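The values are calculated or read from the model by the stated rules, or taken from the named source; none is laboratory data. As the structure is a prediction and not an experimental result, all values here were calculated from the model. Glycine gets a Cβ as well: all are built from the backbone with ideal geometry, and neighbour counts include every protein chain shown.
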Amino acid sequence: MPYQLIAAPLSLYSGKVRGYLRWKNVAFSEVLSTAKVYKSTILPRVGWPVVPVLIAPDDQTIQDSSEIIDYVEKCEPGASVYPDTPVQKLAALILELFGDEWLLLSAMHYRWTYNEDFAYQEFGNASAPELSKKERFELGKRHAKRFKGSLPFLGITEKTASAIEKTYQAFLRAFDEHLAEHDFLLGSRPSIGDFGLLGPLYAHNYRDPASGAMMEKIAPRVADWCRRTHAPQEALSGEFLANDQVPETLLPILRMFAAEQLPILIDTIADLQKWVAENPETKEVPRITGFHKYRIDGVEEDRAVLPFSLWMLQRVLDHLASLSGDDKKAAAELLTKIGAQELLNMQVTPRLKRENFKLVLA
């Protein structure tokens with residue numbers, strides 16, 4: 001039996017996983033995450049409404065895009081999306097974190113600022129494809145309310161809108177310049193970093209019409225990368241650059257991570273420790289543990305503290321902790337170059353893990 005991917009076209013993390021499974025060249029069938037599928041399959045298996053969900057050939061359920069990719073990497077032969085070399089793997093993991101947890105802001109901003117009606121229709125199409133177009137639109141409008149309502153929790157407000165657009169467009173231009181020289185982030189093979197970027201860039205900002213047109217205009221190579229990475233022409237193909245090289249053209253993007261996202265992650269660790277001290281008997285970590293200030297392009301705003309980002313950060317820190325000698329020195333050189341040397345001595349304390357599809361204290 002092939003893998004079964006329960007997903008939706010409009011879902012950010014579904015786009016990440018779908019592109020990966022296609023490149024990995026594993027047999028899978030995709031099931032649209034309709035309301036009926038949520039009720040009959042997702043809720044009984046996972047316990048809460050979420051996509052994507054992967055059902056393995058042995059009927060095991062895997063949820064979360066990174067865990068799905070890691071599960072398939074362990075089970076299936078062939079080339080890996082994880083570089084074998086220390087510095088390239090570090091860069092790839094940072095860029096997965098950046099795509100999954102930081103480009104989410106621009107993905108949500110553009111969807112609900114410029115593509116709202118399209119999104120309502122997409123939500124309705126996914127939930128109840130048997131209804132008429134008008135009925136699907138009205139249903140989608142009701143179902144999408146909580147997603148649109150999450151914008152202030154992410155720090156997406158009228159105050160930050162222009163800053164989010166400015167920094168996102170700077171990212172697009174930097175990535176477009178990189179793609180003038182390389183097919184993917186680290187050579188001619190996509191890495192876990194590519195798939196981390198694919199979720200927000202393809203499933204939201206390329207597919208949604210207004211932001212897609214903008215991408216085609218100011219970063220046509222990024223639009224082409226979206227198409228190639230989501231629907232690869234040659235599965236399991238390509239190579240990472242020789243000699244553990246991280247291209248100079250990637251440094252501007254890695255510096256964006258250090259300048260924009262890293263301060264929030266540092267603050268989130270402090271908030272997690274405060275939350276644990278205030279909730280000593282609680283093991284399960286809520287999706288939001290409080291609120292804090294963040295800055296984007298000099299604009300300050302409130303946003304929710306989202307501890308799941310620390311579980312993703314642990315992937316980066318665990319890799320750093322595994323290095324020694326010359327490998328660690330080379331990783332330190334990259335981090336210093338991009339302004340993220342704080343990662344070298346950073347720890348998520350207490351550690352987090354995923355248990356029964358939820359975030360808990362390790």
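Show the residue pairs meeting these rules: Cβ distance below 9 Å; 6+ apart or different chains; first residue within the range 121-150 and hydroxyl-bearing (Ser, Thr, Tyr); second residue not in a helix (DSSP H, G or I).
As it stands, the answer is 127/8; 127/33; 127/34; 150/156; 150/304, since those pairs meet every condition given.
Only helices (runs of 4 or more DSSP H) wholly contained in the range 130-193 count here; list those with 1 or more residues that are acidic (Asp, Glu) and crowded, with 18+ Cβ neighbours inside 10 Å.
Numbers: elements: 133-143, 145-148, 161-179.
Filter on the range 130-193 gives 161-179.
For residues that are of a type outside the set (A, V, I, L, M) and free of Cβ contacts under 8 Å to residues at least 12 places away in the same chain, tally how many sit in the range 200-226.
Within the range 200-226, the first condition is being of a type outside the set (A, V, I, L, M), and the residues that meet it are 200, 202, 204-209, 211-212, 216-217, 220-221, 224-226.
When the remaining residues are screened for being free of Cβ contacts under 8 Å to residues at least 12 places away in the same chain, the result is 212, 216-217.
The total comes to 3.
So, in the range 336-352, exactly how many residues are surrounded by fewer than 20 Cβ atoms within 10 Å (Cβ to Cβ) and in a helix (DSSP H, G or I)?
Going through the range 336-352 one residue at a time, the tally reaches 6.
On the basis of being surrounded by fewer than 20 Cβ atoms within 10 Å (Cβ to Cβ), over 20 Å from the mean Cα position of the chain (by Cα) and of a type in the set (D, E, K, R), does residue 117 make the cut? Give the steps one after another, and end with the answer.
On the way: surrounded by fewer than 20 Cβ atoms within 10 Å (Cβ to Cβ): yes; over 20 Å from the mean Cα position of the chain (by Cα): yes; of a type in the set (D, E, K, R): yes.
Answer is yes for this residue.
Going through 291, 257 one at a time, which residue ends up being surrounded by 15 or more Cβ atoms within 10 Å (Cβ to Cβ) and of a type in the set (Phe, Trp, Tyr)? Step through it out loud before you land on a result.
Numbers: 291 fails: surrounded by 15 or more Cβ atoms within 10 Å (Cβ to Cβ).
Only one candidate passes the filter, namely 257.
For the range 248-258, does any single residue satisfy the condition of being assigned to a helix (DSSP H, G or I) and within 18 Å of residue 362 (Cβ to Cβ)? It would help to see each step written out before you state the result.
Taking the range 248-258 first, the residues assigned to a helix (DSSP H, G or I) are 248-258.
Those left that are additionally within 18 Å of residue 362 (Cβ to Cβ): none.
So far as the range 248-258 goes, no, none of its residues is assigned to a helix (DSSP H, G or I) and within 18 Å of residue 362 (Cβ to Cβ).
Tell me, yes or no, whether the range 87-108 has at least one residue that is part of a loop (DSSP other than H, G, I, E, B) and either of a type in the set (Val, Ile, Thr) or in contact (Cβ under 8 Å) with a residue 24 or more places away in the chain (or both).
Kept after step one, since they are part of a loop (DSSP other than H, G, I, E, B), are these residues of the range 87-108: none.
Looking through the range 87-108, none of the residues is part of a loop (DSSP other than H, G, I, E, B) and either of a type in the set (Val, Ile, Thr) or in contact (Cβ under 8 Å) with a residue 24 or more places away in the chain (or both).
Show me the strands (runs of 3 or more DSSP E) found entirely inside the range 2-63 where at least 1 residues are over 21 Å from the mean Cα position of the chain (by Cα). So that I can check it myself, show each step before the final result.
Working: elements: 3-7, 28-32, 53-55, 61-63.
Because the criterion is at least 1 residues that are over 21 Å from the mean Cα position of the chain (by Cα), the strands (runs of 3 or more DSSP E) in the range 2-63 that meet it are 3-7, 28-32.
For residue 41, state whether it is over 28 Å from residue 255 (Cα atoms), hydroxyl-bearing (Ser, Thr, Tyr) and without any contact (Cβ under 8 Å) to a residue 60 or more places away in the chain. Before you say what the answer is, go through the steps one by one.
Details: over 28 Å from residue 255 (Cα atoms): yes; hydroxyl-bearing (Ser, Thr, Tyr): yes; without any contact (Cβ under 8 Å) to a residue 60 or more places away in the chain: yes.
So residue 41 passes the test.
Of the residues 82, 120, which single one is farther than 18 Å from residue 1 by Cα, hydroxyl-bearing (Ser, Thr, Tyr), in contact with a helix residue (DSSP H, G or I) (Cβ under 8 Å, 6 or more places away or on another chain) and outside any helix (DSSP H, G or I)? Steps first, please.
On the way: 120 fails: outside any helix (DSSP H, G or I).
The match here is 82.
Give the range 260-295 a look and list any residue that's in contact with a Lys or Arg (Cβ under 9 Å, 6 or more places away or on another chain) and within 29 Å of residue 338 (Cα to Cα), or say none. Explain how you work it out, then say what you get.
We begin by selecting, within the range 260-295, every residue in contact with a Lys or Arg (Cβ under 9 Å, 6 or more places away or on another chain); these are 260, 263-264, 267, 284-285, 289-294.
Within the range 260-295, 260, 263, 264, 267, 291, 292, 293, 294 meet the criteria.
Here is a check on your reading of the model: is residue 246 surrounded by 15 or more Cβ atoms within 10 Å (Cβ to Cβ), of a type in the set (Val, Ile, Thr) and within 26 Å of residue 299 (Cβ to Cβ)?
Values: surrounded by 15 or more Cβ atoms within 10 Å (Cβ to Cβ): yes; of a type in the set (Val, Ile, Thr): yes; within 26 Å of residue 299 (Cβ to Cβ): no.
Here the answer is no, as residue 246 does not meet what is asked.
Could you please give the count of residues in the range 302-329 that are in contact with a strand residue (DSSP E or B) (Cβ under 8 Å, 6 or more places away or on another chain), of a type in the set (A, V, I, L, M, F, W, C) and in a helix (DSSP H, G or I)? If you could, list the steps in order and put the result at the bottom.
Of all residues in the range 302-329, those in contact with a strand residue (DSSP E or B) (Cβ under 8 Å, 6 or more places away or on another chain) come to 302-305, 307-308, 310-311, 314.
Of the ones still in play, those that are also of a type in the set (A, V, I, L, M, F, W, C) are 304-305, 308, 310-311.
Checking which are in a helix (DSSP H, G or I) leaves us with 308, 310-311.
Matching residues across the range 302-329 total 3.
Quick check: is even one residue across the range 324-334 among the basic types (Lys, Arg), in contact with a Gly (Cβ under 7 Å, 6 or more places away or on another chain) and either at pLDDT 95 or above or not assigned by TED's automatic domain parsing to the domain that holds residue 98 (or both)? I'd like the intermediate steps shown before the answer.
Initial filter on the range 324-334 (among the basic types (Lys, Arg)): 328-329.
So of that shortlist, the ones also in contact with a Gly (Cβ under 7 Å, 6 or more places away or on another chain) come out as none.
Scanning the range 324-334, I find no residue that is among the basic types (Lys, Arg), in contact with a Gly (Cβ under 7 Å, 6 or more places away or on another chain) and either at pLDDT 95 or above or not assigned by TED's automatic domain parsing to the domain that holds residue 98 (or both), so the answer is no.
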